[in-house]
Amino acid sequence: MSQGYRAVGWNPQKKTYDRVLGLGLLLYLGLFVGVGFALHPTATAETLLLRGLGTSAFLLLHGILCIGPLARLDRRFLPLLYNRRHLGVSMFLLALVHSVFALIQFHALGDQNPLVSLFVGNTRFDSLAHFPFQPLGAAALAILFLMAATSHDFWLANLSAPVWKALHMLVYLAYALLVMHVGLGILQAETSPLWAGLVLAGLALVLGLHLVAGWRERGLDRELAPGDAGLVDVCAIDEIPEGRARVATISGERVAVFREGLTVTAVSSLCQHQNGPLGEGRILDGLITCPWHGYQYDPCSGRSPAPFTERVPTFRVVLRSGRVLVDPTPSPAGTEQVPACAEQPQ
Amino acid sequence: MKDDFYIGYLPTTTPGLGAFLKRTGLAYLAACLVVALGLVASMGGFSSAVFEYGVERDFEGTLVGGPVPMLLVDRPSSEGEPSSYVLTAFGKFGAGPEVEPHAGARVRLSGTLIYRDDRTMVELSAGSIEVLAPVALSRTVSTERTEELGELTLEGEIVDSKCYLGVMKPGNLKPHRACAVRCISGGVPPVLLVRDDAGHASYFFLVSEDGGAVNSEVLDHVAEPVRLTGRAVRRSGQTFLYANPAELQRL
């Protein structure tokens, strides 16, 4: 959590994650170039490396984009999300090396600055088939750079979670640009149906998973209206699993209503770190624990335990006839609430 | 297993979740490797062209200037048409500026061979031209034969001769367009690459109707299917198309 900043907050699980990632990438590139030379002895190393780096980055981006919806469909995928930033930075580095190789190979040692040549080398903006594909890749790389450069928690804290999140949603624009970069670039030369088929399959997978995950959550954002006394009836107390939450949309915001034993509390469902889904977390050692990165908050006050300083808005909760009623007006982040207590069953 | 709750900063995860992650990671890696194999196996476009990178050879012959600089080398038998090597410079530049001052002279030079099919090019090593005999004493040019092939309408793709003959693989089609533009813009002679139904390639060096360079005029048409009509001439083993580049048609 965010008491201070370190370049990388290493821990055993992150190390394992990164080791597997590094070995996987080496294996992929080694296979691509090695088998490439075995099957195409007249190929040049530059071209094989260029393609190996480009395809590995593109495949990694597919994995990154699929982790989010997969984790929403099955929480067992959440550990993959925990260190997704390292996947993102690795993908950016692969794309960067691919881009530098391409810039040198196609634009350097000529009569124009390579960076200028990148944008003026092909001016067929009037034709889809001949549309310049390299500037599309450059635009995507600029977005990926922005994301990689701001991936650290320092930027998350200083930009605020909503701004940071919005910035990082640009990954979808980068993906769209890269699909066009590939479709209008290498697919114009590599005419095997396998290449085009894989790009389409990847697109279908990413879109499909997002649609299914969105479909599954379609009811979640249905706004609950206040009833008598201006309170919102969320559910019966026994509908909330022990140590878990029921999420409801109240006043346009997702609210996580937690139950621990006989007490019920409510906080904003947006974790202050990356806006993770607190409502999908659970209470561990008396603290609400975010499922994404383990950030913790006191259920009554919405405050992280000292020395940490994160705070989330809290909501007043009332129990009436076994129903959980929530005041729709959020209290300022970190405001202590008196938990609602159910009566001990006789 | 459904209730496994993962906390990344704890030393370990539960065995059930750990096994699931192991299976998932391996499946993703295996899928990526299978994709890599499929992509590599289905790749095309790697010709048998050769760029003898790092190997420098010496050549002796007569320099021909103009938009397509060449070195004409007498055959050992001293009979027949001399062998011709199109000359280019390092990087994405033509050899015109280095060759022009010595056009017509007998020279010795060094460079790196680039070849594909029956076409050979030499990347001239900078500053390596050594004049052996001035223009008036050279005899090779007088043995050059010119053969008029008549007016032809050709359909093909404009490529830069240096990359297509071996420096890049593939050295044509859209992914290579920006590079071809840079090379042709830098003076590398443009070639209209024409393939017959059997896939056999013919190379036509593009020059203007009066034999001048057309590099800047063809840049917008590089790496696209085009049609052009012009007067075809075969000289020193190379074929030239004398044409008006303004008449280039996109197909």
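The numbers here are math on the coordinates, done by the rules we state, and not lab data. Since the structure is predicted, the reported quantities are computational estimates derived from the model, not experimental observations. Neighbour counts run over all protein chains shown; Cβ positions are idealised from the backbone, glycine included.
Under a plain spin-label model, where a point goes 7 Å from the Cα along Cα-to-Cβ, how far apart in nm are B:THR153 and A:ASP126?
For B:THR153 paired with A:ASP126, the spin-label model returns 2.2 nm.
Lone cysteines in chain A, defined as no other cysteine's Cβ under 4.7 Å from theirs: which are they?
Among the cysteines of chain A, those whose Cβ sits 4.7 Å or more from every other are A:CYS66, A:CYS235, A:CYS300, A:CYS341.
Size of the dipole of chain A about the Cα centre, Lys and Arg at +1 and Asp and Glu at -1 on the beta carbon, nothing else charged, in debye to 20?
Roughly 420 debye for chain A.
May I ask which residue of A:LEU207, A:LEU21, B:TYR53 lies farthest towards the positive end of the charge dipole of the protein assembly as shown, with charges of +1 (Lys, Arg) and -1 (Asp, Glu) on Cβ and the Cα centre as origin?
Selected residue: A:LEU21.
How do A:ASP18, A:ASP111 line up, fewest other C-beta atoms within 10 Å first?
Result, fewest neighbours first: A:ASP111, A:ASP18.
If we count every other residue with Cβ under 15 angstrom of B:VAL226's Cβ, Lys/Arg +1 and Asp/Glu -1, where does the sum land?
Value of the local net charge: -1.
How large is ³J(HN,Hα) for each residue in region B:170-176, as worked out from phi by the Karplus curve 6.51 cos²θ - 1.76 cosθ + 1.60 (θ = phi - 60°), to whole Hz, x for Gly and Pro?
Calculated HN-Hα couplings, in order: x, x, 8, 6, 4, x, 9 Hz.
Mind ordering B:113-119, A:165-171 by average Cβ neighbours within 10 Å, highest first?
Order by mean packing, descending: B:113-119, A:165-171.
So if I place +1 on the C-beta of Lys and Arg and -1 on the C-beta of Asp and Glu, and nothing else carries charge, what would the dipole magnitude of region B:93-185 be about its Cα centre? I want it in debye, nearest 20.
Rounded to the nearest 20 debye, it is 400 debye.
Report the FRET efficiency, 1/(1 + (r/R0)^6), for A:PHE37 and A:LEU287, where r is their Cβ-Cβ distance and R0 is 41 Å, rounded to 0.05.
Working from the Cβ atoms, E equals 0.15.
Can you tell me the relative contact order of region A:82-146? Whole percent, Cα pairs under 8 Å, sequence separation 6 or more.
27 percent
How high is the relative contact order of chain A, in percent, with contacts defined as C-alpha pairs under 8 Å that are six or more residues apart?
13 percent
Which net charge results for the neighbourhood of A:LEU81, defined as the other residues with beta-carbon distances under 13 angstrom from its beta-carbon, given Lys and Arg at +1 and Asp and Glu at -1?
Summing Lys/Arg as +1 and Asp/Glu as -1 gives +4.
Once you sort the root eigenvalues of the Cα gyration tensor of the protein assembly as shown as a ≥ b ≥ c, which label holds: rounded (a/c under 1.5), prolate (a/b larger than b/c) or oblate (the other case)?
Taking the square roots of the gyration eigenvalues as a ≥ b ≥ c, the protein assembly as shown is prolate.
Lys and Arg at +1, Asp and Glu at -1: add these up for the other residues within a Cβ distance under 12 Å of A:ASP228 and post the number.
Summing Lys and Arg as +1 and Asp and Glu as -1 gives +1.
Once amide H atoms are built 1.01 Å from N in the peptide plane, which residues 5 or more positions from A:GLN337, or in another chain, come under 5 Å H to H?
Amide H to amide H, under 5 Å and 5 or more residues apart or across chains, A:GLN337 pairs with A:SER301.
What order do you get for A:260-268, A:277-285 when each peptide is scored by the mean count of other beta carbon atoms within 10 Å, highest first?
So the order, starting with the most tightly packed, is A:260-268, A:277-285.
Estimate the FRET efficiency between A:LEU173 and A:ALA225 by the formula 1/(1 + (r/R0)^6), using the beta-carbon distance for r and 41 Å for R0, to the nearest 0.05.
0.70
Over all distinct Cα pairs, what is the inverse of the mean 1/r for region A:162-251, reported as the Kirkwood hydrodynamic radius in Å?
Its Kirkwood hydrodynamic radius stands at 17.5 Å.
Given Cβ point charges of +1 (Lys, Arg) and -1 (Asp, Glu) and nothing else, what value in debye, to the nearest 20, does the dipole of region A:177-245 about its Cα centre take?
460 debye
Helices from chain A with mean Kyte-Doolittle at least 1.0 and a Cα length along the axis of 15 Å or more, per DSSP H: which?
Taking the DSSP H segments of chain A (at least 15 Å long, mean hydropathy at least 1.0), we get A:45-73, A:84-107, A:134-149, A:171-183, A:193-216.
Considering only B:MET121, B:SER77, B:ALA89, whose Cα is most displaced toward the positive end of the charge dipole of region B:50-143, charges sitting on Cβ of Lys, Arg (+1) and Asp, Glu (-1)?
Result: B:ALA89.
Which of rounded, prolate or oblate describes chain B when judged by the alpha-carbon gyration tensor and an a/c cut-off of 1.5?
prolate
Could you work out the Rg to Rh ratio of chain A, with Rh taken as the Kirkwood radius (inverse of the mean 1/r over all Cα pairs)?
Rg/Rh for chain A comes to 1.07.
Residues with amide H under 5 Å of A:SER251's amide H, sequence separation 5 or more or different chain, H placed in the peptide plane at 1.01 Å from N; which?
A:LEU224
Is there a simple number for the mean count of other chain Cβ atoms within 10 Å of the Cβ of residues in A:110-122, and what is it?
That average works out to 4.
Tell me, what is the FRET efficiency for A:LYS165 and B:THR12 to the nearest 0.05, using R0 = 25 angstrom and their Cβ-Cβ distance as r?
Efficiency, from the Cβ-Cβ distance: 0.25.
For the pair B:LEU251/A:THR329, report the inter-label distance in nm, with labels modelled 7 Å from Cα in the Cβ direction.
Each label point is offset 7 Å from its Cα along the Cβ direction, giving 7.6 nm.
To the nearest 10 degrees, how steep is helix B:15-41 against the longest Cα principal axis of chain B, on a 0 to 90 scale?
For helix B:15-41, the angle is close to 20 degrees.
Considering Cα pairs under 8 angstrom that are at least six residues apart, work out the relative contact order of region B:154-231 and quote it in whole percent.
Relative contact order comes out at 42 percent.
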